[in-house]
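J.: Okay, handing you the structure first.
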Amino acid sequence: MFEKYSILFIQENCIQCHGCEVACKNWRNVELGVNWRKVDTIWQGKYPDSKNVPIMMACRQCADPACAAACPVGAIEKNDAAGVVLVNRGKCIGCKVCFEACPYDVPQFGVDGTMQKCDWCFHETNGNPIKPPCVTTCPTQALILLSEKGE
């Protein structure tokens, strides 16, 4: 028996405060210019009846991650028990093939040139699921940690 986790984004609840971004960067010491979780905006309609709609940009922890399949050195792998895609930055050669393969443009590259992305704070918690800081910081519960029991 195991539990798989996911983070649900409820668009209607998001007030675009960017608290999730700040919490992620602080908790994981993510460098400037790199965003593992990002609130972006899509504009809909035409003036004067236009509105902005928030979208969440973060790794979707794909069931069959294209980034992992594309990585020539095996630096990316899926932890099926937890449902999270993990990057071994020590193995990464910075070729950016994962970025080209990802349909969501998720992989980020910092000053060291290696790939990095959201991993639901998997390593920070030794694989024990907790509510990540992005979820606990959200004042409107636009981010919710879900768990699913499986075999």
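J.: Of the listed values [x] 17.0, 56; [y] 16.1, 54; [z] 20.2, 64, identify the label whose number matches Rg and Dmax of the Cα atoms in Å calculated from this model.
T.: The listed entry that was calculated here is [y].
J.: Calculate the dipole size of the chain relative to its Cα centre from +1 charges on Lys and Arg beta carbons and -1 charges on Asp and Glu beta carbons; express the result in debye to the nearest 20.
T.: For the chain, the charge dipole is close to 220 debye.
J.: So what's the net charge close to residue 36: Lys and Arg +1, Asp and Glu -1, counting the other residues with Cβ under 14 Å from its Cβ?
T.: Result for the neighbourhood of residue 36: +1.
J.: Angle, helix 19-28 long axis vs. longest principal axis of the chain, Cα atoms, 0 to 90°, nearest 10?
T.: Roughly 20 degrees between the two axes.
J.: Still on this model: When the helices in the chain are scored as -39500 (n - 2.57) per DSSP H run of 4 or longer and the sum is shared across all residues, what 222 nm value do you end up with, to the nearest 500 deg cm²/dmol?
T.: -4000 deg cm²/dmol
Every read-out reported here was derived from the displayed coordinates using simple, explicitly stated rules and does not represent laboratory data. Keep in mind that this is a model prediction, so the values were computed, not measured. Every residue, glycine as well, gets a Cβ built from its backbone with ideal geometry; the counts of neighbours run over all protein chains shown.
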